[in-house]
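Nothing in this text is a laboratory measurement; each read-out follows from the coordinates by a stated rule. Predicted model only: the values in this text are computed from it and were never measured. Neighbour counts are summed over all protein chains in view; Cβ atoms, including those assigned to glycine, are modelled from backbone coordinates with ideal geometry.
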Amino acid sequence: MPDLSTHVLNGAGGGPSPGVDVEVRDRRGECVGRGRTDQHGRLEQLAVGLPCGVYTVTWNLDGFVARLSATVDLVEERRYHLPVLASGHSAVVYLGV
């Protein structure tokens with residue numbers, strides 16, 4: 001079953017972004033995972049043991065981009081790591097390793 005983790009980095013300052021609230025919702029809009037990034041900007045067990053399927057991950061950020069959401073299709077039974085680079089004016093999420 002797929003697992004989700006994330007890492008939020010400050011794209012302007014180059015360091016981690018601690019205290020970012022993150023949640024995962026399934027297609028029905030039900031919350032299936034949530035947490036807050038630690039002092040290193042990491043959230044290792046955002047959602048564990050999910051069935052394969054489509055989920056929306058939302059990061060509540062500071063700055064112009066106050067909220068970032070990505071809809072992901074988890075098709076393999078593995079760990080998916082979703083890093084975010086965020087600054088005061090932009091945010092990018094990608095599939096990490």
Give region 1-22 a look and list any residue that's under 18 Å from residue 96 (Cα atoms), not in a loop (DSSP other than H, G, I, E, B) and not small (Gly, Ala, Ser), or say none. 3, 4, 6, 7, 8, 9, 10, 16, 22
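For region 9-26, how many residues meet the condition of being surrounded by fewer than 16 Cβ atoms within 10 Å (Cβ to Cβ) and over 15 Å from residue 57 (Cβ atoms)? It would help to see each step written out before you state the result.
Start the filter on region 9-26 by keeping residues that are surrounded by fewer than 16 Cβ atoms within 10 Å (Cβ to Cβ), which leaves 12-15, 18-19, 21.
Within this subset, residues satisfying the condition of being over 15 Å from residue 57 (Cβ atoms) are 12-15, 18-19.
Counting residues in region 9-26 that are surrounded by fewer than 16 Cβ atoms within 10 Å (Cβ to Cβ) and over 15 Å from residue 57 (Cβ atoms) gives 6.
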Meets criteria (buried (at least 18 other Cβ atoms within 10 Å of the Cβ) and either under 10 Å from the mean Cα position of the chain (by Cα) or in a strand (DSSP E or B) (or both)) for residue 43: yes
Out of 86, 70, sole residue that is without any contact (Cβ under 8 Å) to a residue 60 or more places away in the chain and of a type in the set (A, V, I, L, M): 70
Pair list, Cβ under 6 Å, 6 or more apart: region 46-65 residue closer than 12 Å to residue 31 by Cα, other residue of a type in the set (Lys, Arg) and surrounded by fewer than 20 Cβ atoms within 10 Å (Cβ to Cβ): 56/25
Scope region 61-78; condition more than 19 Å from residue 3 (Cβ to Cβ) and of a type in the set (A, V, I, L, M); matching residues: 61, 65, 66, 68
Meets criteria (part of a loop (DSSP other than H, G, I, E, B), surrounded by fewer than 16 Cβ atoms within 10 Å (Cβ to Cβ) and without any contact (Cβ under 8 Å) to a residue 12 or more places away in the chain) for residue 29: yes
Tally the residues that are on the phi > 0 side of the Ramachandran plot and either part of a loop (DSSP other than H, G, I, E, B) or surrounded by fewer than 13 Cβ atoms within 10 Å (Cβ to Cβ) (or both), restricting the search to region 46-97. 2
